[in-house]
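I have placed the structure first, in the form of structure tokens, so that the comments after it can refer back to it.
The values are calculated or read from the model by the stated rules, or taken from the named source; none is laboratory data. What you see is a predicted model; the values in this text were computed from it and never measured. Positions of Cβ are backbone-derived with ideal geometry, glycine not excepted, and every protein chain shown enters the neighbour counts.
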Amino acid sequence: MNLLGCSVSNRQFRTWSKILVYPFAPFFLTDDLKQSVPQSLCLSRAEFSATVRDLSFHDSYTTYNVGIEAKWVTFLSTREFRSFPEELRLELLLLQASLGRGQLYKFEGYKNLLRDSELEYARAYTFEYREKEILELNHTLWQSFSFETQTSWLAKFVSEDRMNCLSDTLSKKEWQAINRLYPAVKHLVGFVNLSGPNCFATTLAGLLDVEKAKGVSEFWLQSETFLRDIEKRRYRQSELAVNDDLPDGSILIWKNDNGFQHVCFYLGHGLVFNKDAQGWFAPRQLLRLETVLQTWQGENRQVEVWFDKRV
């Protein structure tokens, strides 16, 4: 299947199907609700962060969106959760929805993907939140879906609010120009299997030869490491604005008061090499410069242009 302009194999879909929904889902709890959950192991938020290092898990359940008012986390299988009284189950689900935890879907947008038997079964896992029917996609329900349904669900999940990669629209001549200067880019375009590789690793890998890029592109790279490495390669911040005639090979860095927010690699002719997030659902793509600028614009967020002073 072609997804967001990138090829995705059945093998990759099967890998994703294992990390979209986990056997034990995280349920975030307030102090009061913690007392109501029977005989469940609870972790403080600090303990949760230190214990669960699986980035795919955090991305699938968007744990980083959950506010600090939920001070505790417990892990529940579908069977354990369904053993709770109905009133407690609903209270837990409403809290997760209000906190922005992942794997809770507006059912209207996804139910047309299900077969009749799957649709009937799925309705048992819906609840109402803010006048919308919400589906709790738990492990038991997910495993009951056919592979074809899972594939359709994943394709929709991955594609929402993302732009198509332009790699297939480039001519042979345009690719030759990119390959001559940045040979790794064509090899890196596409999806990854698991969460981890982020915008810093993607941008740095774009500067390297094919073999070195294979290793670097798989890292979750810290901004300090990234900055130290590009400075070693004679990159320096310039006074150029992004609407100026940017030199090919420029690096764009978005910052706010909290530090680095995003980076991408300018290939020339209005094209950038970009990965929007560490998540497995965010591919490495070629996009128009204006597309990335629009995506990452925001209050108190400034864009710096860095380029190789030797160019």
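A compact table of results
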quantity	calculated
Sole exception among (1) surrounded by 16 or more Cβ atoms within 10 Å (Cβ to Cβ); (2) not in a loop (DSSP other than H, G, I, E, B) for Arg101, by number	(2)
Set Lys232, Lys255: member being charged (D, E, K, R) and within 21 Å of the chain's Cα centre (by Cα)	Lys255
Within the range 220-261, considering residues that are over 20 Å from Ala201 (Cα atoms) and among the small types (Gly, Ala, Ser), the one modelled with the lowest pLDDT	Ala241
Residue that is surrounded by the most Cβ atoms within 10 Å (Cβ to Cβ), among those in the range 17-60 that are of a type in the set (Val, Ile, Thr) and in a loop (DSSP other than H, G, I, E, B)	Val21
The range 279-308 - residue that is of a type in the set (Lys, Arg) and out of contact with any helix residue (DSSP H, G or I) (no Cβ under 9 Å at 6 or more places or on another chain) and, of those, modelled with the highest pLDDT	Arg288
Failed item, numbered, when Glu47 is tested on (1) in contact with a Phe, Trp or Tyr (Cβ under 8 Å, 6 or more places away or on another chain); (2) modelled with pLDDT of 95 or more; (3) of a type in the set (Asp, Glu)	(1)
Identity of the residue in the range 249-307, polar (S, T, N, Q), without any contact (Cβ under 8 Å) to a residue 24 or more places away in the chain and outside any helix (DSSP H, G or I), that ends up surrounded by the fewest Cβ atoms within 10 Å (Cβ to Cβ)	Asn258
Which numbered condition Glu131 misses (of (1) in contact with a Phe, Trp or Tyr (Cβ under 6 Å, 6 or more places away or on another chain); (2) farther than 25 Å from Leu286 by Cα)	(1)
Flag if Trp220 is more than 24 Å from Asn179 (Cα to Cα) and in a loop (DSSP other than H, G, I, E, B)	yes
Check on Thr63, buried (at least 19 other Cβ atoms within 10 Å of the Cβ), closer than 30 Å to Phe219 by Cα and over 21 Å from the mean Cα position of the chain (by Cα)	no
Matching residues, the range 246-274, being of a type in the set (D, E, K, R) and within 21 Å of Arg180 (Cα to Cα)	Asp248
Pick from the range 258-269, criterion more than 19 Å from the chain's Cα centre (by Cα) and not aromatic (Phe, Trp, Tyr), ranking: farthest from Arg234 (Cα to Cα)	Asn258
Test: residue in the range 283-298 that is of a type outside the set (Asp, Glu), out of contact with any strand residue (DSSP E or B) (no Cβ under 8 Å at 6 or more places or on another chain) and under 17 Å from Tyr182 (Cα atoms)	no
Ala205 vs. criteria of a type in the set (A, V, I, L, M), in contact with a Gly (Cβ under 8 Å, 6 or more places away or on another chain) and assigned to a helix (DSSP H, G or I)	no
The listed residue being more than 18 Å from Trp16 (Cβ to Cβ), free of Cβ contacts under 8 Å to residues at least 60 places away in the same chain and assigned to a helix (DSSP H, G or I), out of Glu120, Glu148	Glu120
Some residue of the range 22-45 being under 29 Å from Phe157 (Cβ atoms), within 21 Å of the chain's Cα centre (by Cα) and without any contact (Cβ under 8 Å) to a residue 24 or more places away in the chain	no
Failed condition for Glu231, given (1) surrounded by 16 or more Cβ atoms within 10 Å (Cβ to Cβ); (2) without any contact (Cβ under 8 Å) to a residue 24 or more places away in the chain; (3) in a helix (DSSP H, G or I)	(1)
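Residue by residue, here is whether (1) modelled with pLDDT of 95 or more; (2) among the hydrophobic types (A, V, I, L, M, F, W, C); (3) in a helix (DSSP H, G or I) holds:
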residue	(1), (2), (3)
Ala124	yes, yes, yes
Leu135	yes, yes, no
Trp153	yes, yes, yes
Asn164	yes, no, no
Asn179	yes, no, yes
Ala213	yes, yes, yes
